[in-house]
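Just so it is clear, none of the values below were taken in a lab; they were calculated from the coordinates. Only a predicted model underlies this, so the values are computations on that prediction, with no experimental measurement involved. Cβ: placed from backbone, ideal geometry, glycine included. Neighbour counts: every protein chain shown.
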């Protein structure tokens, strides 16, 4: 049973509580551009799961029904405890290799791009991870863990990881020695030299202690979040694809066939020796680091927030409810993605009024088409009202000049 769907409302409520708490104690860890970018990425990931049909389900089914050494009793508490622990063990190795090898980092990097650290960071997820992550969990089915139990413990593992994405939770004493906490997960998200590539566990930190990847948060050195190959955009599409683009360039431009073939499986710090021009190294400096934070007007921020609220409404009311058929799902998610892209242009200080006009014209067209379909009347009215509001707001927003210079944090 996938529990993530039921947890989403509590996630969003927790975000609001953390935001209010941070403002109240004058230590706000949220920026609108970064937080909405995180939420866009999370929504996109969940939506994509509904339209991507992969090999994972068939492989898991075959492993469970034809190749399992035995079949564990799903009604036994021992099965659930075993499954919960063994899932986290394999998660550790999947998570670790996702930081160590390029093809896996290509999908996982999306989760680490946020330069803030708060509960919205937990929701920033890759849209491409489903293509590779499932490979690591095949042994769990071969051990006889029923698929129902697997899905349940996997979702519990992910739910547990939500609360550790916070700067407001201090070290928790003895608990730090056995379980993943906010403190040791802050280390995992940091790019400081002493912190990078540490603390991979999902629930249990004991795997890191056993395999030499554990690091305690140093009270004398604050964590600096983000990735060293800085993204410098809030574009969710590029956020999902930029490492894949790097790998493809390495394979295409390398002169040596060994480099071409090795590129996807190389360590994340590797660069091909046979590149015509040497790639620039990421020169991280904790003293000069600046967060990517283009200065834009309040009107643009409000306009962008309105886009997210509507996307969240469409996702919760129409996509997750099964209201749409497969083709309609594709169209809706494509328009959601396009909306995210256009909104990211506002956040990046690039304006994009002409593209916004094209988007609104498409929204109106889809709204009119849906209105002609009796079964889609509810979503048609929502889209048409949304489009009209945007058309009325756009001239007001466009009067305000966008300022693309990044402010120093």
Estimated 222 nm signal from helices in the chain, with DSSP H stretches of n ≥ 4 weighted -39500 (n - 2.57), rounded to 500: -18000 deg cm²/dmol
Can you give me the orientation-averaged projected area of the convex hull built on the Cα atoms of region 236-284, in nm²? 3.9 nm²
Comparing 79, 213, 46 in a Gaussian network model of the chain (Cα, 10 Å), the one with the largest mean-square fluctuation is 79
So if we plug the beta-carbon distance of residue 211 and residue 298 into 1/(1 + (r/R0)^6) with R0 = 56 Å, what FRET efficiency do we get, rounded to 0.05? 0.70
Select from 17, 180, 153 the residue whose mean-square fluctuation is largest in a Gaussian network model of the chain (Cα-Cα springs shorter than 10 Å). 17
Label point distance in nm, residue 21-residue 248, each placed 7 Å from Cα along Cα→Cβ: 4.2 nm
Compute from the Cα atoms of region 4-211 the Rg and the Dmax, the latter being the longest Cα-Cα distance, and quote both in angstrom. 17.6, 58
Name the shape class, rounded, prolate or oblate, that the alpha-carbon gyration tensor gives for region 124-243, where a ≥ b ≥ c are the square roots of its eigenvalues, rounded holds for a/c under 1.5, and otherwise prolate holds if a/b is larger than b/c and oblate otherwise. oblate
Residue 255 to residue 316: extension gain in nm, 0.36 nm per residue of separation minus the Cα-Cα distance? 17.1 nm
Give the order of 210, 41, 345 when sorted by the count of other beta carbons within 10 angstrom, beginning with the fewest. 210, 345, 41
Tell me, what is the FRET efficiency for residue 32 and residue 196 to the nearest 0.05, using R0 = 25 angstrom and their Cβ-Cβ distance as r? 0.35
In a Gaussian network model of the chain with springs linking alpha carbons closer than 10 Å, the residue among 365, 76, 155 that fluctuates most is 76
Show me the three semi-axes of the equivalent ellipsoid for the chain, from the C-alpha gyration tensor (sqrt of 5 times each eigenvalue), largest first, rounded to whole Å. 34, 28, 23
Extending each Cα 7 Å along its Cβ direction at residue 161 and residue 279, get the distance between those two points in nm, one decimal. 2.4 nm
Final fewest-first order of 75, 230 on the 10 Å Cβ neighbour count is 75, 230
Taking the Cβ-Cβ separation of residue 176 and residue 327 as r and a Förster radius of 60 Å, what is the calculated FRET efficiency to the nearest 0.05? 0.75
Give me the Debye-computed log₁₀ of I(q)/I(0) at q = 0.12, 0.23 Å⁻¹ for region 298-398, equal point scatterers on Cα only, no solvent, two decimals. -0.37, -1.29
